[in-house]
Amino acid sequence: MSERRRDSDRSTTEIQQDSAPGFERRSTDGGQPTPVQTFTDCQGEQTVNESRPLPEVNQLDSGTVEIVSEDDILTARQTTREVVESLDFRITDVTRTVTAVSELARNVYLYAGEGTMTWYEIRRGDRTGIELRFDDDGPGIKNLSAAVSGNYSTSHGMGRGLEGTRELMDTFKIQTSKDGTTVTVRKWNR
Amino acid sequence: MTEAHSPSITTLFDVLLASFPAEPTDRAVDTLQEELLSLVESEHPRAVIIDVSRVTTLDSFFARVIAETADMVQLLGGEPIIVGVRPSVAITAAQLGYTFDEITTARDVDHALETVGISVTQETTTDE
């Protein structure tokens, strides 16, 4: 209980989507005591300011890439490419996943200075995929709903880094507070 | 092996050809842009071909640099042409909403040369 309270004191903001087949999309009107902002994109309903876990999967092989320099963005891309190629992802999904990783790893480097990328080979039923988690202790994202809806742009990219990542992946979850940011994404083999 | 990460610039007739490596670091991308622009200034090329046929990942940073480079080449009076976008890269870029509306593109380097009036014919060419 005290754990929970501490979480809400940090005013954690969270956005989650999961468009992988076989997953239930939970409704957002579950009598939450905290105000829930919702918005919709082509993949379905999104929720903001709600904390809940991603659907359960089996995690198999895993590894970590430390992101401390610009060159580590490249290492993160290469590591991800090796993993998804070993999972027999088709070329378009390899490109989507590696592109998303490049965006997220660069965000860590640019806005937090350093952080980690942890990858997991995941399985659900007879499907395999990859889960990637980006953790940093940076200052967090002030206006999360603007950042993920593409209305918020910094001078570093084409201004669609986070929103673009959401488009490219099957699952996208972000938790951010002034103490840091965690982004978790998943991509399933088709 | 530095070759996989470092871009290269060559001259074909009076055309500059800048080839991006498969997986460039951010620094390599910045360096290529600078070198290319200073060559545009000194060589006054008819066109500048930006070859991305080896590029496997076009993220927002890389896309912005390429679009910017093309704009800058144009400001300097050159004609930028982007060639060799891979299908998987095109799909991803379109999904991300990147638009390169103002930029001329071509299938490959030969095609790009043709569009600026340089015909590339091989000695044993027999047209299909």
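Structure above, values below:
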item: Unmet requirement for A:Val108, which otherwise passes all of (1) at pLDDT below 90; (2) within 14 Å of chain B (Cβ to nearest Cβ); result: (1)
item: Of all residues making up the range B:81-102, the number that are among the hydrophobic types (A, V, I, L, M, F, W, C), at pLDDT below 85 and surrounded by 17 or more Cβ atoms within 10 Å (Cβ to Cβ); result: 1
item: Restricting the range B:55-80 to residues that are among the charged types (D, E, K, R) and crowded, with 17+ Cβ neighbours inside 10 Å, the residue that is modelled with the highest pLDDT; result: B:Glu79
item: Any hit, the range B:24-32, residues being buried (at least 22 other Cβ atoms within 10 Å of the Cβ) and in contact (Cβ under 8 Å) with a residue 12 or more places away in the chain; result: yes
item: So B:Glu68, is it within 14 Å of chain A (Cβ to nearest Cβ), in contact (Cβ under 8 Å) with a residue 12 or more places away in the chain and either touching a strand residue (DSSP E or B) at 6+ places or on another chain (Cβ under 8 Å) or not basic (Lys, Arg) (or both); result: yes
item: Residue within the range B:83-93 that is under 30 Å from A:Leu162 (Cα atoms), touching a helix residue (DSSP H, G or I) at 6+ places or on another chain (Cβ under 7 Å) and more than 14 Å from every other protein chain (Cβ to nearest Cβ) present; result: yes
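The values are calculated or read from the model by the stated rules, or taken from the named source; none is laboratory data. All values reported here derive from a predicted model rather than from experimental measurement. With ideal geometry, Cβ positions are generated from the backbone for all residues, glycine too; neighbour counts draw on all protein chains shown.
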